[in-house]
Amino acid sequence: MNQSRQITSLVKQAAHAAGFELAGIAPVHEFGELDRFREWIAAGRAGEMQYMEARDETGALKRASLRTTLPWARSVIVCAINYNTAQPYSTEAKDPQRGWIARYAWGQKDYHDAVLARLRMVEKQLRDAVSTSSELQTRCYVDTGPVVERVYAKYAGIGWTGKNTCIINQKLGSWLFLGVILTSLELVPDLPAPDRCGTCTRCIDACPTDALVAPYQLDSNRCISYLTIEKRGTIAEGLRPLMGHEVFGCDICQDVCPWNRKAPATDAAEFQPREGLVNPALEWLAEISVEEFRETFRGSAVRRAKRVGLRRNAVIAMGNSGDQRFAPLLEKLKADEDPVVAESAEWAAKKLSREATECGSDTLVRRF
Ligand code: B12
Ligand code: SF4
Ligand code: SF4
């Protein structure tokens, strides 16, 4: 036990030295929350994200049980790093000509790489410290492992699961990336963080698409983050008008959270915004060339949406802007070589023209 304590404390020091603000230990256990995950999948809440539904040969969901997927794992080291920078919130951005890329994706480096590099430093220190390191098993994951990371983050004391389903830390808020190191060592576990949402329902009230179908329950099929990043092809027409100016991800349910009001900003170089990504011009994104997309988003999380997805999202945001100045460009994009962009432009142009006739010159005068 003494050795466990020493290694636990060494791991936490190593995590802080690697730049993580928070680090904690969760035991590997069949937590009740993992049943919530099974129910979530069974209810179709993962949409088309098939990787969430990966199963083993017995048909069990790989992510739902570390005990069966990685039976050697005894402890989960959960590390969290603040990615907030001193920029406005999406709810403050009102220019109809501009869209919104989620805060987490502005950085110089894709967070998977930035966080994984830091996790590896911690893993190395752990391996160096354990004398029987040849028998020691470890595995580092950022998003990609068979782990419901937020369950372990809660039990490692990183923060509580908010009603918006994000992990919130009392001091840092929720602008946190998580990374986990699974290990065969029995480390000393932390205590879970208590839920501090209380009677607040701001996130649920603010969600434009009602994706937070109940406290702590998110339906990806309705979530703008899913629609703009993960969803391929066209987006259901009924959801498009609710997507507002969001072109990649969505920050709304975190922007309105009182625990983010005083969230500190990081000075980590990887998370400082790339030029042009905070509140970007919609026209630029809708017309971005193959070459410019490749150059601008090389090594960025935004690549995940692919060029066609980003252009589709920008066109939908134009339709939602109420700004008639987009009408000529949308007319042109109706003939775009990509059928998804063309169809979205058709919809957006129709929406703008309907609004122009319905509201008449009154709206136009007020807007310009
Ligand atoms: C798939 C995925 C998504 C999906 C689905 C999100 C979701 N809420 O599940 C989509 C594409 C929508 C998404 C969006 C975002 N994501 Co994401 N995503 C993931 C991923 C890969 C898996 C998440 C998962 O397993 N979901 C399954 C469901 C069941 O989990 P859950 O919603 O957390 O549900 C828990 C509770 O709410 C509760 N619960 C569920 N149902 C019920 C029912 C009842 C009755 C009760 C009481 C409780 C309860 O129990 C569940 C288990 O704890 C993780 C990385 C990972 N490997 O874990 C990142 C991750 C969760 N995402 C992350 C981020 C940053 C985001 C965004 C902020 C990005 C953005 N700005 O657009 C948004 C946030 C949207 C939101 N409000 O959650 C971070 C979250 C960090 C944090 N502070 O919490 C993670 C951890 C990635 C990382 N390594 O940092 N994401
Ligand atoms: S990320 Fe946006 S769409 Fe998704 S639950 Fe939060 S507010 Fe709703
Ligand atoms: S907005 Fe309120 S209810 Fe939602 S996560 Fe934050 S504190 Fe909890």
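Compute the angle between helix 339-359 and the longest alpha-carbon principal axis of the chain, please, reported from 0 to 90 degrees and rounded to the nearest 10. Computed tilt is about 60 degrees. Cα convex hull, region 191-252: 105 Å³ per residue, rounded to a whole number. Applying D = kT/(6 pi eta Rh) to region 52-204, where Rh is the Kirkwood radius over alpha-carbon pairs, T corresponds to 20 °C and eta to 1.002 mPa s, the Stokes-Einstein value obtained is 122 µm²/s.
What is the Cα radius of gyration of region 144-302 over 2.2 N^0.38 Å, N being its residue count?
For region 144-302, the normalised Cα radius of gyration is 1.18.
Taking the protein heavy atoms of the chain in the context of the full set of protein chains, the accessible area attributed to carbon and sulfur is 50 percent at 1.4 Å.
The radius of gyration of the Cα set in region 117-206, together with its Dmax, comes out at 15.7, 53 angstrom. Between helix 2-17 and the chain there is an angle of about 30 degrees, using the helix long axis and the longest principal axis of the Cα atoms. In plain terms, the C-alpha convex hull of region 97-144 casts an average shadow of 4.4 nm² when viewed from every direction. Per-residue ellipticity at 222 nm computed for the chain from its helices equals -10000 deg cm²/dmol, with DSSP H segments shorter than 4 residues left out and the rest contributing -39,500 (n - 2.57).
Within the shell defined by Cβ-Cβ distances under 13 Å, the residues around VAL28 carry a net charge of +1, with Lys and Arg each +1 and Asp and Glu each -1.
Over region 221-264, the reciprocal of the mean inverse Cα-Cα separation, the Kirkwood hydrodynamic radius, stands at 11.6 Å. Ranked from largest to smallest solvent-accessible area, with a 1.4 Å probe on the protein heavy atoms, MET49, MET121, MET318 come out as MET121, MET49, MET318. With all pairs of separate Cα atoms included, the chain yields a Kirkwood hydrodynamic radius of 22.0 Å. Charged neighbours of LYS12, selected by a Cβ distance under 12 Å, balance to -1 (K, R count +1; D, E count -1). The Rg/Rh ratio for region 229-368 is 1.00, where Rg is the radius of gyration of the alpha carbons and Rh is the Kirkwood radius. Restricting the chymotrypsin sites (Phe, Trp or Tyr not before Pro) of region 55-110 to loop positions (DSSP other than H, G, I, E, B) with no more than 15 neighbouring Cβ atoms within 10 Å leaves TRP72.
The values are calculated or read from the model by the stated rules, or taken from the named source; none is laboratory data. Quick caveat: nothing in here was measured; it's all calculated off a predicted structure. Backbone-built Cβ (ideal geometry, glycine too); neighbour counts: all protein chains shown. To get the accessible areas, we keep the full protein, side chains included, count just its heavy atoms, and leave off ligands, DNA and RNA. Shrake-Rupley method; radii C 1.70, N 1.55, O 1.52, S 1.80 Å.
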